[in-house]
Amino acid sequence: MTGTSSTRSLPEVTVTLDVEDLRPDQSLQEAALPERVVEMTNRVLDLFGEYGVRASVYVVGELAERRPELVRRAASEGHEIGLHSWSHVPIPTRTPETFAEECRRGRALLQDLSGQEVTGYRAPMMSLVPAAAWAIPVIAEAGFTYSSSVLPGPSPLFGWPGLPRQPFRWLNGPIEFPCPLVRMPGIDLPYLGGTYLRLLPSFVRRHGLRRSTSDEALWAYCHPWEFDPDEDFHPHEHIGMLASRVAWLRRSRMERQVRRLLADPLAGPLGEVASGLVASDAPLPVVDPTASTTAGRVARWADGRLRDR
Ligand SMILES: [Zn+2]
């Protein structure tokens, strides 16, 4: 490594997009809200095309069923297609039986539409949490070989403190790519997440990238609605009013911020990163989701040793 920290080249980041329509159940609405997800997804895919980015695009199953053209377009432009749940509700609200059926159905649909083997699963809202540990073997049984579904720290919404920060393998389950975090004073931030890309200056992202370690798999995520300053406010289900309000902040900045990200070094889709790990025989940590070691790691985190592995 040469040069100062300010000129050192940044590590590569995989770009991911979670394609979802977060309007409340439209069958329950007297005045339906206009659908904006098609237009906004196309806008993001245009942006990716402009930069020649190949991203991982995770699509909600019921949206893919309603708007198959979104999956077809993303696949035809070289993006990896993965499943972002069937109906975008947190995993712990599902029964194992329903969740299994939705994983199978969603994966089959996306494979039909994309012509790809679909290997990646992303939980809605990072809702793969200890209370949903039962879902891990189900994800593998449905045919997914990797997941990027956990926030490996405390979170007011969904998090799993104590998990490794680098890719690991779930015991009897898929490879997991945990959401990248950077430690800022008093808090661990998912600094490559849409909200943070939108709200924070680019130097926070670059600071996080420079603090990352070479064994992390870095991925950013964003959503079509984050690029939409014109959408009327509506609460998002399952995340509460405060987070719903935050989801409306500074959307007019999003495209500019993402352009900066896309101009920095990028890695290929997570499916390719996973294949590379398997092919290289890299020794991944193995995590038993039901083991008590997780609680021990939580305690170590509470002592402030966040980067301790
Ligand atoms: Zn989502």
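Readers should treat all values here as calculations from the given coordinates under stated rules, not as data from a laboratory. Please read these numbers as outputs of a predicted model, since none were measured by experiment. So basically every Cβ, Gly included, is an ideal-geometry build from the backbone, and we count neighbours across all protein chains shown.
Values for this structure:
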{"quantity": "Shape category assigned to the chain from the gyration tensor of Cα positions, a/c cut at 1.5", "calculated": "rounded"}
{"quantity": "Bridge type composition, the chain - antiparallel percent by DSSP, nearest 5", "calculated": "20"}
{"quantity": "Shape category assigned to the range 196-244 from the gyration tensor of Cα positions, a/c cut at 1.5", "calculated": "prolate"}
{"quantity": "Residue-span extension gain [THR95 to SER76] - 0.36 nm each, minus C-alpha spacing", "calculated": "3.4 nm"}
{"quantity": "Efficiency of FRET from Cβ geometry, ILE187 and ASP25, R₀ 30 Å, rounded to 0.05", "calculated": "0.35"}
{"quantity": "Top positive-direction residue, dipole computed over the chain with Cβ charges, set PRO235, THR213, SER147", "calculated": "THR213"}
{"quantity": "For VAL19, distant residues with modelled amide H under 5 Å away", "calculated": "TYR58, VAL59, VAL60"}
{"quantity": "Distance between modelled label sites at LEU242 and ALA32, nm, 7 Å Cα→Cβ extension", "calculated": "3.5"}
{"quantity": "The range 102-246 shape via C-alpha gyration tensor axes, a/c threshold 1.5", "calculated": "oblate"}
{"quantity": "Among beta bridges that DSSP assigns inside the range 116-193, antiparallel share in %, nearest 5", "calculated": "55"}
{"quantity": "Computed lengthening from VAL278 to ASN42, 0.36 nm per intervening residue step minus Cα-Cα distance", "calculated": "81.7 nm"}
{"quantity": "Difference of contour (0.36 nm per residue) and Cα-Cα distance, LEU199 to LEU249", "calculated": "17.3 nm"}
{"quantity": "Mean Cβ neighbour count within 10 Å, used as a protection proxy, ranking 138-145, 79-86, 47-54, 66-73 highest first", "calculated": "79-86, 138-145, 66-73, 47-54"}
{"quantity": "TRP219 long-range amide H proximity, modeled H, under 5 Å", "calculated": "THR14"}
{"quantity": "Mean Cβ neighbour count within 10 Å, used as a protection proxy, ranking 232-239, 189-196, 55-62 highest first", "calculated": "55-62, 189-196, 232-239"}
